[in-house]
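Have a look at the structure below before the remarks.
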Amino acid sequence: YSALFLVSSAIARLLQANGLAIDLVTAYPGGELAALFTASGISFPDGLYLINKYSSFYQEIVPSLGVGIVRIKGVATVQLQEIIESINHDTSYATISMFQDATTNIVTGHIDALERCIKQVKNLHTTA
């Protein structure tokens, strides 16, 4: 997240230094602070401090939540969705969070659901 803040803030200042007025700023998770800095809502040192706190909090809390993320390659999105639907249940589930291309997706969810998903994907490749 620190790199995202630094690069985004630098690009914004570079554009402003070259006479480009920034009328709209959008942000991806972690980029909100760069957007605030660009809009003069916070100072650069404050942005660095906050992004450091955010990153530290994120690194501490995520492992205790029992969730994760995995990139699945080589399986059609429709087939992956069927696998996910077959392994999900009320207390443990996964979902396709990001579509990258027809056979590459980012899947997030509970660790045990991700493990079930990976096992099913491996089974596809061993039985094919």
- So for the chain, what are the equivalent ellipsoid semi-axes in whole Å, largest first, each being the square root of 5 times an eigenvalue of the Cα gyration tensor? 39, 18, 10
- Query: What is the Cα radius of gyration of the stretch 50-101 over 2.2 N^0.38 Å, N being its residue count?
  - Reply: 1.49
- Query: Given the rule -39500 (n - 2.57) for each run of at least 4 DSSP H residues, summed and divided by the residues of the chain, what is its mean residue ellipticity at 222 nm, to the nearest 500 deg cm²/dmol?
  - Reply: -18500 deg cm²/dmol
- Which percent of the accessible heavy-atom area of the chain goes to carbon and sulfur, probe 1.4 angstrom? 60
- Between Lys73 and His125, the two model label points (7 Å from Cα along the beta-carbon direction) sit apart by a distance in nm of 1.0
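Which translational diffusion coefficient, to the nearest whole µm²/s, is obtained for the stretch 1-47 from the Stokes-Einstein equation, given a Kirkwood hydrodynamic radius over C-alpha pairs, 37 °C and 0.692 mPa s?
For these conditions, the coefficient is 313 µm²/s.
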- Over the chain, average the accessible area per residue using a 1.4 Å probe and give it in Å², no decimals. 66
- Item | Paired Rg and Dmax values of the stretch 24-65, which use every Cα atom, in angstrom | 11.7, 36
- Item | Partners for Lys119 among aspartates and glutamates (Cα-Cα distance below 16 Å; same-chain residues under 8 apart left out) | Glu82, Glu85
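The values are calculated or read from the model by the stated rules, or taken from the named source; none is laboratory data. Just so we're clear, the structure is a prediction, and the values are computed from it rather than from any experiment. Positions of Cβ are generated from backbone atoms using ideal geometry, with glycine treated the same way; all protein chains shown enter the neighbour counts. Accessible surface areas use protein heavy atoms only, side chains included; no ligands, DNA or RNA. Shrake-Rupley method; radii C 1.70, N 1.55, O 1.52, S 1.80 Å.
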